[in-house]
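Worksheet: one structure, shown below.
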Amino acid sequence: MAEPVATSQIIGSDGFELHPADETAILRELEHYEQPQAACIEALKIVQRRHGWVPDEAIPAVARVLGIGPGAVEGVATFYSLIFRQPVGRHVILVCDSSSCFLTGFDELKQALVDQLGIDYGETTNDSRFTLLPVCCLGACDGAPALMIDDDTYGPVTADDLPGLLEGYP
Amino acid sequence: MSESIPNQRRSVGYRSRLLQTEAERRADTHPLTWRLRDDGEAVWLDEYLRKDGYQSVRKALSEGDPQAIIATMKEANVRGRGGAGFSAGLKWSLTLQGGDIPRGYLICNADEMEPGTFKDRLLMEQQPHLLIEGMILGAFANNSRYGYIFLRGEYVEAARVLNRAIDEARDAGWLGPDINGSGFDFDIAVHTGAGRYICGEETALINSLEGKRANPRGKPPFPGQSGAWGKPSVVNNVETLCNVPAVILNGAGWYQGLSGDRTDDGGSKLYGCSGPVDNPGLWELPMGTTGMEILDRAGGLRDNRQLKAWLPGGASTGFLLPEHLELPLDFDTMGKEGSRLGTGLLTVVPDDMSMVSLMRNLEQFFARESCGWCTPCRDGLPWVVKLLQSLEQGQGEPGDIELLDKLAADCGPGLTFCAHAPGAAMPLQTALRHFRHEFEQGVGKPRGEAHQDPIPVGEV
Ligand SMILES: Cc1cc2nc3c(=O)[nH]c(=O)nc-3n(C[C@H](O)[C@H](O)[C@H](O)COP(=O)(O)O)c2cc1C
Ligand code: SF4
Ligand code: FES
């Protein structure tokens, strides 16, 4: 797990600076590939793991470490659904809206999430605890309807299971 | 069904599992799963070696003949398990190698995101060394210098298991320089994605691997000629690669015999079933097993519902009817019926589900996941969704259904850059063919009335 860092450490005078440990981690990723750009997605994920999301100011910083243009990084950062470009809550709920879940109670589960959290897709609760997003088939269709909270996959999940489940993510 | 495997419906935390106990699985009939443990824990290196692991690599490297591996794979006719069914041996025989051609890449497609598909997850979470062994063999046959497992970002547990297994294999000399004293060197990295279904398309995957937006590339050149960083690259699905070790160890004749006289396609298959059935799950069965047997294993439909339709292998395959359950689930038979085997995991549609609503759900998926490159896909699919939404509300206009026909036809094979659009068209076209009256009901009805009486089974 990453150590929490003070804001002063990560925001340099000339804007965003990568945490040294993240820079090291990104440089280590480069060893796997013929070209540095290939580490771009992983680099954005490393930034996101520390900050929760990828702020605009992080793009040139990542580009600098990889030695590529910021445009290339921005193009990637806007394409992939699991790279968040806005602040998210402490926990991200990905609810599967694909066919097997749709056939086994997705509508009720989604409604229960909306009711219990008071937010819809793309929104974050007022206490910054949860962000709700839809996701493609989680490959857990034998446990449909399924969802993920952070790195954990659950299924089958009913509306009644939700309060107990959410409690585990303060 | 065995008592020792808990029913998924009782648990909340999800665990991938096979619904066949060790007693039912044998090395000579269940090459993909016989080593799996009933407790669902991963098979690590010691146990894998005890269960004849890496024997196939040992044999192939000591024989030292990559072309012989390709010949055996061709003869066995292992057809791609990512959904397209292309012969792996034939693909490998077309990879450029020799002379001054640089060594390329062996890429495992572990992006598993096809709605209704949950098979590669099991193989990776519980038996990582079988995939690694298959990749070493593939790399040796194709002269690949390095391998990537392109894993979808959400498969956190698979990433953990694979990384540990790769370290184990490297420490034991099965990866790295001079593997098992053969002079052959090869290593593997796990590359995790960040969402987007299109990354599973093999040329989009290569762009994504290179750190670019995941737009597909035009073919030719095929990846085997010019793939990652312009080097010859082989892309194969997880399950395809997991078949390789046993084929090389036991031979093409054995593999062909696994399916008996059910079908011309050899081997076994990880079949599965999901949707409102009593016991959704996965089973390794002979290729050509019927839909009926799989639905039976899944315990039939829940709550006394009737079967209305089914998809044989994911959202991008065509709908079939109850009468098709008696057919062998193989690539050619499904093709003849206007569908595709796809991933071979059945999605079951009960009689009280509106086909219009289900199609709306499927097309929302395809529209959202379009990479935006081609017009029929980028602009046509959102239009399809709009039309389906109004039909669902009973607010369709005369001509809407013909328009759906046309939009689907515009997405047909050969008209777009990749197979995403044809994948969106196939379920729509088959739904319109088999259940047209249900769509017609959605035209010009007072709001809310359209689907109050679901269509009885058989009346199609
Ligand atoms: C939109 C789209 C998504 C795909 N997703 C996957 C996938 O997640 N996994 C996979 O193995 N193949 C997927 N494929 C098929 C691959 O393009 C390719 O055919 C396959 O990886 C080849 O391996 P195989 O011959 O071993 O099946 C997808 C194809 C398309 C058009
Ligand atoms: S068919 Fe769709 S997903 Fe495929 S390249 Fe065209 S726009 Fe992209
Ligand atoms: S459709 Fe939801 S997990 Fe597969």
Could you tell me whether B:V235 is within 14 Å of chain A (Cβ to nearest Cβ) and either within 16 Å of ligand 2 (Cβ to nearest atom) or surrounded by 21 or more Cβ atoms within 10 Å (Cβ to Cβ) (or both)? no
Given the options B:G200, B:G193, name the one that is within 16 Å of ligand 3 (Cβ to nearest atom) and closer than 30 Å to A:A77 by Cβ. B:G200
Going residue by residue through segment A:91-101, is there one that turns out to be closer than 23 Å to B:D120 by Cβ, without any contact (Cβ under 8 Å) to a residue 12 or more places away in the chain and within 16 Å of ligand 1 (Cβ to nearest atom)? no
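If only one of A:T131, A:T158 is within 18 Å of the chain's Cα centre (by Cα) and either within 12 Å of chain B (Cβ to nearest Cβ) or surrounded by 15 or more Cβ atoms within 10 Å (Cβ to Cβ) (or both), which one is it? Quick ask: steps written out before the conclusion?
On the way: A:T158 fails: within 18 Å of the chain's Cα centre (by Cα).
Within the list A:T131, A:T158, the selection yields A:T131.
If you take the residues of segment B:337-358 that are in a helix (DSSP H, G or I) and facing chain A (nearest Cβ under 10 Å), which of them is nearest to B:E293 (Cα to Cα)?
Applying the first criterion (in a helix (DSSP H, G or I)) to segment B:337-358 yields B:355-358.
Applying the additional criterion that residues be facing chain A (nearest Cβ under 10 Å) yields B:357-358.
Numbers: B:S357: 28, B:L358: 25 Å.
Result: B:L358.
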What do you reckon, is A:I119 in a loop (DSSP other than H, G, I, E, B), at pLDDT 95 or above and either among the aliphatic types (A, V, I, L, M) or within 16 Å of ligand 1 (Cβ to nearest atom) (or both)? yes
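State yes or no: is B:V348 in contact (Cβ under 8 Å) with a residue 12 or more places away in the chain and under 27 Å from B:R81 (Cα atoms)? Don't jump to the end; show me each part of the working.
Working: in contact (Cβ under 8 Å) with a residue 12 or more places away in the chain: yes; under 27 Å from B:R81 (Cα atoms): yes.
Considered against the rule, which asks whether it is in contact (Cβ under 8 Å) with a residue 12 or more places away in the chain and under 27 Å from B:R81 (Cα atoms), B:V348 comes out as yes.
Go through the residues of segment A:59-68 one by one and say whether even a single one is open to solvent by 10 Å² or more (accessible area, probe 1.4 Å) and within 11 Å of chain B (Cβ to nearest Cβ).
Initially, segment A:59-68 is screened for residues open to solvent by 10 Å² or more (accessible area, probe 1.4 Å), giving A:60, A:64-65, A:67-68.
From the residues that got through so far, the ones that are within 11 Å of chain B (Cβ to nearest Cβ) too are A:68.
The answer is yes; a qualifying residue exists.
Could you identify the single residue in B:D120, B:D111, B:D100 that is within 12 Å of the chain's Cα centre (by Cα) and away from ligand 2 (no atom under 16 Å from the Cβ)? Working first, answer last.
Numbers: B:D111 fails: away from ligand 2 (no atom under 16 Å from the Cβ); B:D100 fails: within 12 Å of the chain's Cα centre (by Cα).
Within the list B:D120, B:D111, B:D100, the selection yields B:D120.
Got a number for residues in segment B:307-320 being touching a Lys or Arg at 6+ places or on another chain (Cβ under 8 Å) and either free of Cβ contacts under 8 Å to residues at least 12 places away in the same chain or not polar (S, T, N, Q) (or both)?
So in segment B:307-320, the residues touching a Lys or Arg at 6+ places or on another chain (Cβ under 8 Å) come out as B:312-313, B:316-318.
Remaining after also requiring either free of Cβ contacts under 8 Å to residues at least 12 places away in the same chain or not polar (S, T, N, Q) (or both): B:312-313, B:318.
Going through segment B:307-320 one residue at a time, the tally reaches 3.
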Identify the single condition in (1) away from every other protein chain (no Cβ under 14 Å); (2) assigned to a strand (DSSP E or B) that B:G260 does not satisfy, given that it satisfies every other one. (2)
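Quick check on this structure: which one of A:V92, A:V73 is modelled with pLDDT of 95 or more, touching a Ser or Thr at 6+ places or on another chain (Cβ under 9 Å) and open to solvent by less than 30 Å² (accessible area, probe 1.4 Å)?
A:V92
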Is it the case that B:A419 is open to solvent by 20 Å² or more (accessible area, probe 1.4 Å), small (G, A, S) and either within 28 Å of B:R213 (Cβ to Cβ) or assigned by TED's automatic domain parsing to the domain that holds B:L307 (or both)? yes
Quick one: which of B:A204, B:A189 is open to solvent by less than 10 Å² (accessible area, probe 1.4 Å) and out of contact with any strand residue (DSSP E or B) (no Cβ under 9 Å at 6 or more places or on another chain)? B:A204
Would you check if there is a residue in segment B:225-240 being within 14 Å of ligand 1 (Cβ to nearest atom) and of a type in the set (S, T, Y)? yes
Inside segment A:20-52, can you point out the residues that are among the small types (G, A, S) and either free of Cβ contacts under 8 Å to residues at least 12 places away in the same chain or touching a strand residue (DSSP E or B) at 6+ places or on another chain (Cβ under 7 Å) (or both)? A:A38
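Do you know which of the residues in segment A:13-50 that are within 14 Å of chain B (Cβ to nearest Cβ) and not in a helix (DSSP H, G or I) is nearest to B:R213 (Cα to Cα)? Before you say what the answer is, go through the steps one by one.
Here is the first cut: in segment A:13-50, the residues within 14 Å of chain B (Cβ to nearest Cβ) are A:25-26, A:28-49.
Next cut, not in a helix (DSSP H, G or I) only: A:33-35.
Numbers: A:Y33: 17, A:E34: 18, A:Q35: 15 Å.
Looking at the filtered set, the residue picked out is A:Q35.
Among the residues in segment B:140-159, are any of a type in the set (F, W, Y), without any contact (Cβ under 8 Å) to a residue 40 or more places away in the chain and within 16 Å of ligand 1 (Cβ to nearest atom)? Before you say what the answer is, go through the steps one by one.
Restricting attention to segment B:140-159, the residues satisfying the condition of being of a type in the set (F, W, Y) are B:140, B:146, B:148, B:150, B:155.
So of that shortlist, the ones also without any contact (Cβ under 8 Å) to a residue 40 or more places away in the chain come out as none.
No, the conditions are met nowhere in segment B:140-159.
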Can you name every residue in segment A:139-154 that is outside any strand (DSSP E or B), facing chain B (nearest Cβ under 7 Å) and in contact (Cβ under 8 Å) with a residue 40 or more places away in the chain? A:A140, A:C141, A:A144, A:A146
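In this structure, does A:A72 turn out to be over 21 Å from A:D151 (Cβ atoms) and either touching a Leu at 6+ places or on another chain (Cβ under 8 Å) or within 16 Å of ligand 3 (Cβ to nearest atom) (or both)?
Values: over 21 Å from A:D151 (Cβ atoms): yes; either touching a Leu at 6+ places or on another chain (Cβ under 8 Å) or within 16 Å of ligand 3 (Cβ to nearest atom) (or both): no.
No: the conditions fail for A:A72.
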Just checking, which of B:R196, B:R217, B:R164 is closer than 20 Å to B:L49 by Cα and either of a type outside the set (V, I, T) or not assigned by TED's automatic domain parsing to the domain that holds B:L130 (or both)? B:R164
Hey, A:S100 hits all of (1) at the interface with chain B (Cβ under 8 Å from one of its Cβ atoms); (2) in a helix (DSSP H, G or I); (3) open to solvent by 60 Å² or more (accessible area, probe 1.4 Å) but one; which does it fall short on? (3)
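Can you find a residue in segment B:267-275 that is basic (K, R) and either open to solvent by less than 10 Å² (accessible area, probe 1.4 Å) or under 24 Å from A:P145 (Cα atoms) (or both)?
Taking segment B:267-275 as the starting set, the residues that turn out to be basic (K, R) are B:269.
In the following step, the residues that additionally are either open to solvent by less than 10 Å² (accessible area, probe 1.4 Å) or under 24 Å from A:P145 (Cα atoms) (or both) were identified as B:269.
Among the residues of segment B:267-275, at least one is basic (K, R) and either open to solvent by less than 10 Å² (accessible area, probe 1.4 Å) or under 24 Å from A:P145 (Cα atoms) (or both), which makes the answer yes.
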Look through segment B:364-388, keep the residues that are in a helix (DSSP H, G or I) and within 11 Å of chain A (Cβ to nearest Cβ), and return whichever of them is most open to solvent (accessible area, probe 1.4 Å). B:R368
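The values are calculated or read from the model by the stated rules, or taken from the named source; none is laboratory data. Please read these numbers as outputs of a predicted model, since none were measured by experiment. Cβ atoms come from the backbone with ideal geometry, glycine included; neighbour counts cover every protein chain shown. Surface accessibility is based on the protein's heavy atoms, side chains included, excluding ligands, DNA and RNA. Shrake-Rupley method; radii C 1.70, N 1.55, O 1.52, S 1.80 Å.
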